[in-house]
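The values are calculated or read from the model by the stated rules, or taken from the named source; none is laboratory data. Just so it is clear, the model here is predicted, and its values are computed rather than measured. Counting neighbours? That spans all protein chains shown, and the Cβs are built from the backbone with ideal geometry, glycine included.
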Amino acid sequence: MPMPKLAYRLALGVLPLMVVGLYLSRGSTGFPLDDAWIHQTYARNWAETGQLAYVVGLPSAGSTAPLWTLLLSIAYRLQIDPYLWTMLLGVVTLAISAWLLSRLADRLLHASRRSVVSWLVGLACVLEWHLIWAAASGMETLLFIVLALALIDRLWADSSGWIIGVLGGLLVLTRPEGLLLIALALGVMLASRRSGRAGLIEVVKAGGAFLIVLAPGAYFNLQASGSIFPNTFYAKQSEYAELMSTLPIWLNSIGNMLIAPLAGGLLLLIPGLLWWMIDKRRDWRKRERWIGWLPLVWMFAHVAVYALRLPVSYQHGRYLLPIIPIVLLYGIVGTVLLLDGVKARSTKPAARLLRRVYALTIAVVFVVYVPIGALAFATDVAIINGEMVVVAKWLAANTPPGATIAAHDIGAIGYFTRRPILDLAGLISPEVIPFIRDEAQLGQWMQAKGAYYFVTFPRWYPQLATRWPPVFAGNSPFSPEHMTVYALEPQP
């Protein structure tokens, strides 16, 4: 008997709260990424001063997600607990992602299979451990996923170009790589929409709305840094340019980058995804059906861009997490088609048993990885709290208010110290990007800028780490080395 719609909607509303709560209960209050503290710092300063600035008085284009920053700033403006507000945003965006994904599954299925399979897709989204981790991370990942799925949903529904353009603009204001999806969407609209003037007008509407929404952010970046993209867009690529120039290391990094976001139940859905592509391969001959392939093309394009420009996995492959809903969508729908094909070709007991065992294995792996992910989340939070946050609080208590601090990473330091910051990663100090891996020049730059303290993990800058005396270090038992504070001369 199919699940009533009301019960399913309640499940999509309550389950995200439960699974995110499970993750939070396994670790102390905090975030699993230092970057989350960067967002909080921008949001607090925006709310308190009206400036999009990491250091008050110095507007910077270091935020890759100004829309997420705006949402976070609401807590500071209304004097709501910012941590609880951030977690609430994560829960809500996870629930909306699941709902949108189930809607998209409806469009891929025949009417007789829609309710059960689309509900399974939505529930799988809620139980996918990477997405739960992202919901509790304090990052913009789930907001990006919501806007991407909403854009695809409206495109499939043949909505007005105005709506598609607005969603595309908001998507890019959440992550710059949203440009890929809106470009593909406009291309599909141009190729497969109703012919003639009316279709072209809708494409023009979408492009116009996209530019209107994006214009304020692009103008701010241009004024603050001389480019329409955030500093991060260039800083990360410069930082890892050496990696990308070494072929064996590059290929190994791509492998790690691809494996990380698929760890868990997603790997078992890859055969289903491939089966859907094989089953629907003839659709490529019909332009009006290209739209059904758009999410898959976007997924492969997203992976390709990161493989070419930033082939590193980071925490659980966090930059590739937006592809997970697409794997869920086509993987589950394709798995159903695959198992139906096995059923049609064989009525033997062994075939029936194989179908049931495979389906049950997928369900069990998804559920088992929820607590496994919670343990990973707790470990990640413990590392950030025991390294970045501890060091930041020490600096706040033991340095003069005007002491300039040169650091990599800057998130917790900027949030807890409110000191002038020199960013060795180039996010808020774009002038370092041309020499971002040159330790000698970085040392000269820090001293020329009047830095009193240098903060980093020693292996990140092995030459600079031996140049000045350490005065404090983090203490997380989960970290292979500790973030260290070095005192530059002269002391204040």
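In the range 75-91, the residues that are assigned by TED's automatic domain parsing to the domain that holds GLN40 and over 17 Å from PHE377 (Cβ atoms) reach residues that are among the hydroxyl-bearing types (Ser, Thr, Tyr) and part of a helix (DSSP H, G or I) with C-beta atoms within less than 8 angstrom, at least six apart or across chains, in these pairs: ALA75/THR86; PRO82/TYR76.
Inspect all residues belonging to the range 469-484 and state whether any of them is farther than 15 Å from GLU387 by Cβ and outside any strand (DSSP E or B). Looking for residues that are farther than 15 Å from GLU387 by Cβ and outside any strand (DSSP E or B), one finds at least one in the range 469-484, hence yes. Restricting attention to the range 36-86, the residues that are hydroxyl-bearing (Ser, Thr, Tyr), more than 23 Å from TYR219 (Cα to Cα) and surrounded by fewer than 17 Cβ atoms within 10 Å (Cβ to Cβ) add up to 1.
Within the range 467-476, can one find any residue that is surrounded by fewer than 17 Cβ atoms within 10 Å (Cβ to Cβ), in contact (Cβ under 8 Å) with a residue 60 or more places away in the chain, out of contact with any Asp or Glu (no Cβ under 6 Å at 6 or more places or on another chain) and not assigned by TED's automatic domain parsing to the domain that holds GLY411? The answer is no, given that none of the residues of the range 467-476 is surrounded by fewer than 17 Cβ atoms within 10 Å (Cβ to Cβ), in contact (Cβ under 8 Å) with a residue 60 or more places away in the chain, out of contact with any Asp or Glu (no Cβ under 6 Å at 6 or more places or on another chain) and not assigned by TED's automatic domain parsing to the domain that holds GLY411.
Could you pull out the residue among GLU481, GLU439, GLU431 that is over 27 Å from the mean Cα position of the chain (by Cα) and of a type in the set (Asp, Glu)?
Of GLU481, GLU439, GLU431, the one residue that is over 27 Å from the mean Cα position of the chain (by Cα) and of a type in the set (Asp, Glu) is GLU439.
When the range 140-168 is examined, which residues are found to be of a type in the set (A, V, I, L, M, F, W, C), out of contact with any Lys or Arg (no Cβ under 7 Å at 6 or more places or on another chain) and modelled with pLDDT of 95 or more? If the condition is that a residue be of a type in the set (A, V, I, L, M, F, W, C), out of contact with any Lys or Arg (no Cβ under 7 Å at 6 or more places or on another chain) and modelled with pLDDT of 95 or more, then LEU142, LEU143, ILE145, VAL146, LEU147, ALA148, LEU149, ALA150, LEU151, ILE152, VAL166 are the ones that fit.
Across the range 424-468, the qualifying residues are those that are acidic (Asp, Glu) and in a helix (DSSP H, G or I), and the one among them that is farthest from PRO401 (Cα to Cα) is GLU439.
Yes or no: MET299 crowded, with 18+ Cβ neighbours inside 10 Å, in a helix (DSSP H, G or I) and modelled with pLDDT under 90?
Judged against the criteria, MET299 is not a match.
Applying the criterion of at least 1 residues that are under 20 Å from LEU328 (Cα atoms) to the helices (runs of 4 or more DSSP H) found wholly in the range 52-158 leaves 82-108, 114-127, 129-135, 141-156. In the set (1) more than 17 Å from ARG418 (Cα to Cα); (2) surrounded by 20 or more Cβ atoms within 10 Å (Cβ to Cβ); (3) at pLDDT below 95, the condition left unmet by VAL92 is number (2). On inspection, TRP162 fails the criterion of being under 13 Å from the mean Cα position of the chain (by Cα) and either assigned by TED's automatic domain parsing to the domain that holds SER25 or not in a helix (DSSP H, G or I) (or both). Among the residues in the range 214-230, are any modelled with pLDDT of 85 or more, surrounded by fewer than 18 Cβ atoms within 10 Å (Cβ to Cβ) and outside the structural domain of PHE435 (by TED's automatic domain parsing)? Yes: the range 214-230 contains one or more residues that are modelled with pLDDT of 85 or more, surrounded by fewer than 18 Cβ atoms within 10 Å (Cβ to Cβ) and outside the structural domain of PHE435 (by TED's automatic domain parsing).
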